[in-house]
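Participant: Before anything else, here's the structure in question.
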Amino acid sequence: MHQPEYRDLQSRTFNLPWTYLHVIKDYVDMAGHLEAVPYAKAVVNFAPILLEQIEEYAKQVSAYLLKRTTLTDPLLAALVDSGIPADLEDRMKLVNDCLRANRDRHINRYGAYEKLANMAGWLQQNYESLEYVNSLFIHDILAWYHLSWMGETIKRNDNRIKHLIDKGNGFTLHDRLEILEIIGEQLANVIHRYKALAKRGQIELSVTPYAHPIMPLLLDLISTHEAMPGAALPDLKSYPGGQDRVTWHLEKGVQTFKRFFGINPDGCWPSEGGICEKTLTILGDFGFKWAASGGSVLHNSLNLPENENPAGLHHPFKLDKANISCFFRDDGLSDLIGFEYSKWHADDAVADLIKHLEAIAVNESPGSVVSIIMDGENAWEYFPENGYHFLSALYQCLASHPTIELTTFSDCLNSKVESKPLNRLVAGSWVYGTFSTWIGDSDKNRGWDMLGDAKLAFDIAVSEKQLTDSQLETAELQLAVCEGSDWFWWFGDYNPSEAVSNFEKQFRLNLANLYHILGQDPPTYLALTFTQGMGKPAMGGAMRPGTLV
C-alpha cells in the first residue's frame, strides 16, 4: 500500500485526495477479503508516509465531526459545505474533480451519477452556463463521487450506504455528513484491521523506506546503466550523501512502522522493487530478513555469465555479498491480474490463475515459491465491483486448494525454503526490470538536477550550522518528501496531461518549501512548469507491467 505525500507540509493542506479515496475503496476491501477467508495468507506492505497521512485524515475528520474544525482537504471540505463556490473557475474545478473516477466501473454503474456526469460534460463545453448551476447539482455530484469510491465491502454491508445509493438524488447536508462519518470510520479503523490480521498470523506486514525513494538511484545514479546501457543521465553526477539518505529513510521508516504496528518488520519491499547489490547489502546489514523485486531483475541477472541458471526460478535468491534473501515477482501471473483478468468473468480468471500455479507445481521442484506481487490500489477499479467477485473467489479457492499453500515470505524462510545463490545482480525495478520510469528521460533527468540543487543547498545549511534542531528536523522531512519516487514516475510527455501537471506542480512546491525552511529564496526556475503530458497510457499510467512488451 503506497501513496506519496500529498500534503503541503507547510500549510498542511492536502493537494490531492487519493490517500483517503484509496482507503475507503481499496484498503478496506483488501482487509475485508482477508477477514472473510481466515485461512488465507498474504504479505501486506505499507509505506510509512501513507500511514502518517491516514492518521492525519482520521484526526481531521474526527475533529470536524466533533467540533467543526477545519478540513484541509478541499474535496472533503466541499462535501460538507452548505454552500457552493461563488467563483466560476472554482465551481468548474469542483465539478471536474468529481469526474476523476473510472467512467465504466464507477460512474456508469449508477444511473443517477451517470446523468450528473453527462451534465458535467455539457458544462465543460458550455462554460458560460456555470452561473446557473445550483447547489443541488454540486452537492449531488459530490455525494455520488464519494459513494462511488466506497469499497464494495462497505456497499454490501453498511445499511447507511445502501440507503444513500438507493436515494439517488437530493442529498441533504445531513446525508453528506453521514458520508463523512462513514469515511471517518474507515480512516480510523483501517490500520487497526491490518494490525489485527497480523496479530493472528494471517498476514505479514512489511515496510518501505519512509518517503518511498528509489534507493539504488540515491546510492548511484550510474546504476541506471546496468539494465539500460547508454541511457541519458542528469547533469548531476551523483546524488550528494545518497547513502546517508538511504539510511535516514530506513531508520525513519522502521520507526514510523513500529509506532503504528508495535513490531519490527522482518521484510522490506524496496520502493518500486528497486534494488542493486549495494541496496541488498544495506538492507541485510539493517536487519531485514527478506526483500523483493521484479522478475525482470532476476532474468537480467541470470543472463550474466557469473550466474548459473537454476533448475527453477520460483525460489528466493541470496546474493553472495548480502545477508538477505530476495524474492522475485512472477511478472506473468502478476500482470495477468493487473492488466487482463479485469476483462474476464471472475470464475474464469481464478480458474486460469490456479491452472498456471498447478502447472508450476508439476514442473518445478517441491518447495517452489510463486511470488504474486500487486499494486495495492490501482488494479481494482478496472474490475467489476472493485474486484469483489475475483478476490473473494481467489482467496477462497487458494485457501482450500489441496496442493497450493498460501503463505508469507517470512514463513517460507522459517520453513527452510532454500534460497538459491546469486553471484551478481543487475540493478533494476519491478517495472521492466529497469529504472526507466524514474530516470533517463529528459524531463525526469531535469527533475533529478533540481533535486540535486536543493540537496546541495540543504548540505551547505547543515554544514554551516544555519538551522536550529527544530528547523533541521523539519528540513529533513521536507527533503525526504522531495526524494520520493512518485514525482519522477509522472514526469514525461507519455503520461496523461492532468496527472503530469498535478505531480510536477507538487514537486516544485515541495522543493520551494525546502528552500524556504533553509531560509533561502527558491530558484526562479521553480516558478516554471518543466514537463507536460499528452499521452494516454494503459490504466491511466498509474500501473505498468513488469516486462516491456
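Participant: Determine if the range 301-317 includes at least one residue that is farther than 27 Å from Thr408 by Cα and of a type in the set (A, V, I, L, M, F, W, C).
Facilitator: yes
Participant: For the range 168-187: of the residues being in contact (Cβ under 8 Å) with a residue 24 or more places away in the chain and of a type in the set (D, E, K, R), which is surrounded by the fewest Cβ atoms within 10 Å (Cβ to Cβ)?
Facilitator: The selected residue is Glu181.
Participant: Within the set of pairs 6+ apart or on separate chains, which have a first residue in the range 111-134 that is over 19 Å from Ile165 (Cβ atoms), a second that is hydroxyl-bearing (Ser, Thr, Tyr), and C-beta atoms under 9 Å apart?
Facilitator: Cβ pairs passing all conditions: Trp122/Ser129; Leu123/Ser129.
Participant: Of all residues being free of Cβ contacts under 8 Å to residues at least 60 places away in the same chain and assigned to a helix (DSSP H, G or I) in the range 518-537, which is surrounded by the most Cβ atoms within 10 Å (Cβ to Cβ)? Just the residue, please.
Facilitator: So, considering only residues that are free of Cβ contacts under 8 Å to residues at least 60 places away in the same chain and assigned to a helix (DSSP H, G or I), the one surrounded by the most Cβ atoms within 10 Å (Cβ to Cβ) is Ala527.
Participant: So, in the range 260-272, exactly how many residues are surrounded by fewer than 21 Cβ atoms within 10 Å (Cβ to Cβ) and out of contact with any Pro (no Cβ under 9 Å at 6 or more places or on another chain)?
Facilitator: Counting residues in the range 260-272 that are surrounded by fewer than 21 Cβ atoms within 10 Å (Cβ to Cβ) and out of contact with any Pro (no Cβ under 9 Å at 6 or more places or on another chain) gives 5.
Participant: Would it be correct to say that Ala78 is in a helix (DSSP H, G or I), touching a helix residue (DSSP H, G or I) at 6+ places or on another chain (Cβ under 8 Å), among the aliphatic types (A, V, I, L, M) and over 21 Å from Leu180 (Cα atoms)?
Facilitator: The answer is no for Ala78.
Participant: Which of the residues belonging to the range 458-473 are in contact (Cβ under 8 Å) with a residue 60 or more places away in the chain and surrounded by fewer than 20 Cβ atoms within 10 Å (Cβ to Cβ)?
Facilitator: Answer for the range 458-473, where residues must be in contact (Cβ under 8 Å) with a residue 60 or more places away in the chain and surrounded by fewer than 20 Cβ atoms within 10 Å (Cβ to Cβ): just Asp459.
Participant: Residues that are of a type in the set (Asp, Glu), at pLDDT 95 or above and farther than 23 Å from Met30 by Cα: find the helices (runs of 4 or more DSSP H) completely inside the range 103-178 holding 1 or more of those.
Facilitator: Per the criteria, 111-125, 135-149, 159-167.
Participant: Restricting the search to the range 28-53, which residues are out of contact with any helix residue (DSSP H, G or I) (no Cβ under 6 Å at 6 or more places or on another chain) and charged (D, E, K, R)?
Facilitator: Answer for the range 28-53, where residues must be out of contact with any helix residue (DSSP H, G or I) (no Cβ under 6 Å at 6 or more places or on another chain) and charged (D, E, K, R): Glu35, Lys41, Glu52.
Participant: So the check is Cβ under 7 Å with 6+ separation or different chains; which pairs have a first residue in the range 1-26 that's touching a residue at least 40 places away in the same chain (Cβ under 8 Å) and a second one that's in a loop (DSSP other than H, G, I, E, B) and of a type in the set (Val, Ile, Thr)?
Facilitator: The qualifying pairs are His2/Thr208; Arg12/Thr72; Thr13/Thr72; Phe14/Thr72.
Participant: Given the conditions (1) closer than 28 Å to Gly295 by Cβ; (2) in contact (Cβ under 8 Å) with a residue 40 or more places away in the chain, report the number of the one that Thr256 does not fulfil.
Facilitator: The single condition Thr256 does not satisfy is (1).
Participant: Anything in the range 199-208 that is closer than 14 Å to Val37 by Cα and not in a strand (DSSP E or B)? List them, or say none.
Facilitator: Across the range 199-208, the qualifying residues are Arg200, Gly201, Gln202.
Participant: Could you please let me know if Lys237 is farther than 27 Å from Leu187 by Cα, at pLDDT 95 or above and touching a helix residue (DSSP H, G or I) at 6+ places or on another chain (Cβ under 8 Å)?
Facilitator: It is true that Lys237 is farther than 27 Å from Leu187 by Cα, at pLDDT 95 or above and touching a helix residue (DSSP H, G or I) at 6+ places or on another chain (Cβ under 8 Å).
Participant: If you scan the range 51-85, which residues turn out to be crowded, with 18+ Cβ neighbours inside 10 Å, over 20 Å from Arg100 (Cα atoms) and among the small types (Gly, Ala, Ser)?
Facilitator: Ala58
Participant: Go through the range 410-432 and report how many residues are buried (at least 22 other Cβ atoms within 10 Å of the Cβ) and of a type in the set (Gly, Ala, Ser).
Facilitator: So the count comes out to 3.
The values are calculated or read from the model by the stated rules, or taken from the named source; none is laboratory data. Computed from a prediction, not measured in an experiment: that's the story for all the values here. Quick reminder, even Gly has a Cβ in these numbers, built from the backbone with ideal geometry, and neighbours come from all protein chains shown.
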